[in-house]
Amino acid sequence: MSTQPKILVIVHDIDDHLNEMANPIAEAGIVMNTWDVQNDGDGLPELDTLNQYSGVISLGAHAGVLEEAEHPWMSHERKIMEWALKTETPLLGLCFGSQLLASAAGARVYKADAGEFAWTKVDMLPEAANDPVIGSLGETADAFQFHYDTFELPENAVLLGESNGTIEAFRVGSSAWATQFHPEVGLSQQLAWLSTYRRAFLREGINLEEQIAKSHELAASYRKQAWDLSEAFAKQVLAFHNR
């Protein structure tokens, strides 16, 4: 291909977008086309036009995979993921995106005994060290979380990160990656979530003052982590585009 590379960014809710991860992609010379699934089918990516993309990013969502029957867009997004897996087009799933990727790859998604909310630590496994995308997170990763569901590891996946038995990062095949946490959510969005969803966090026993302080403390390092991950994924997109 000689045209400028493009990726499809799938947004499910107005308050979860690429945030910190957008600039490194743009600076790599990659164009981002956004599909907002809430837009009543307007801008729906047709399956027979997907070969224009050299990558796909699926973001977080209020909806869960277990509610797919209630959301027609989710079945369409599943087909997009299946296309990406089949064509080995680079794919990155974040939070809900990780759960739908696991499901598209054949794994079971289910309600977790205990969800994860606000700041946690993720332990990266030795297999992550040489991974071209998730390896950018280092040996441990700070993780901002907001999820009730979890999933089993797909058969053809490699576990790359976990926290207290919860799958936090994995790779399917050679070109699809996922994190259960939100690397894209920068300081301003974290503070907005801690305010907007205050009651939900309090129900889970979260100390909001502690979490707000931690968001400030980790602002610079979390931004760097997001940029490193985004740059690593952009390299995979460019390699695929130029193959």
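Out of the stretch 150-168, which residues are aliphatic (A, V, I, L, M) and farther than 14 Å from Phe181 by Cα?
Taking the stretch 150-168 as the starting set, the residues that turn out to be aliphatic (A, V, I, L, M) are 153, 157-160, 167.
The answer is Leu153, Ala157, Val158, Leu159.
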For the stretch 46-70, how many residues meet the condition of being under 19 Å from Leu94 (Cα atoms) and of a type outside the set (Gly, Ala, Ser)? 9
Looking at Leu202, Leu194, which is the one that is touching a helix residue (DSSP H, G or I) at 6+ places or on another chain (Cβ under 8 Å), exposed (fewer than 13 other Cβ atoms within 10 Å of the Cβ) and in a helix (DSSP H, G or I)? Leu202
All but one of (1) surrounded by 14 or more Cβ atoms within 10 Å (Cβ to Cβ); (2) of a type in the set (A, V, I, L, M, F, W, C); (3) within 21 Å of Leu229 (Cβ to Cβ) hold for Ala26; state the number of the condition that does not hold. (1)
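Check every one of the strands (runs of 3 or more DSSP E) wholly within the stretch 56-158 and list those with 3 or more residues that are closer than 28 Å to Asn33 by Cβ and under 16 Å from the mean Cα position of the chain (by Cα). Break it down stepwise before answering.
Numbers: elements: 56-58, 91-94, 109-124, 140-151.
In the stretch 56-158, 56-58, 91-94, 140-151 are the strands (runs of 3 or more DSSP E) which contain 3 or more residues that are closer than 28 Å to Asn33 by Cβ and under 16 Å from the mean Cα position of the chain (by Cα).
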Considering only residues of the stretch 35-61 that are modelled with pLDDT of 95 or more and surrounded by fewer than 16 Cβ atoms within 10 Å (Cβ to Cβ), which is farthest from Phe240 (Cα to Cα)? Glu46
Restricting the stretch 160-180 to residues that are part of a loop (DSSP other than H, G, I, E, B) and touching an Asp or Glu at 6+ places or on another chain (Cβ under 6 Å), which is nearest to Thr87 (Cα to Cα)? Ser175
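The values are calculated or read from the model by the stated rules, or taken from the named source; none is laboratory data. Quick caveat: nothing in here was measured; it's all calculated off a predicted structure. All Cβ positions, even for glycine, are placed from backbone atoms using ideal geometry, and neighbour counts span all protein chains on display.
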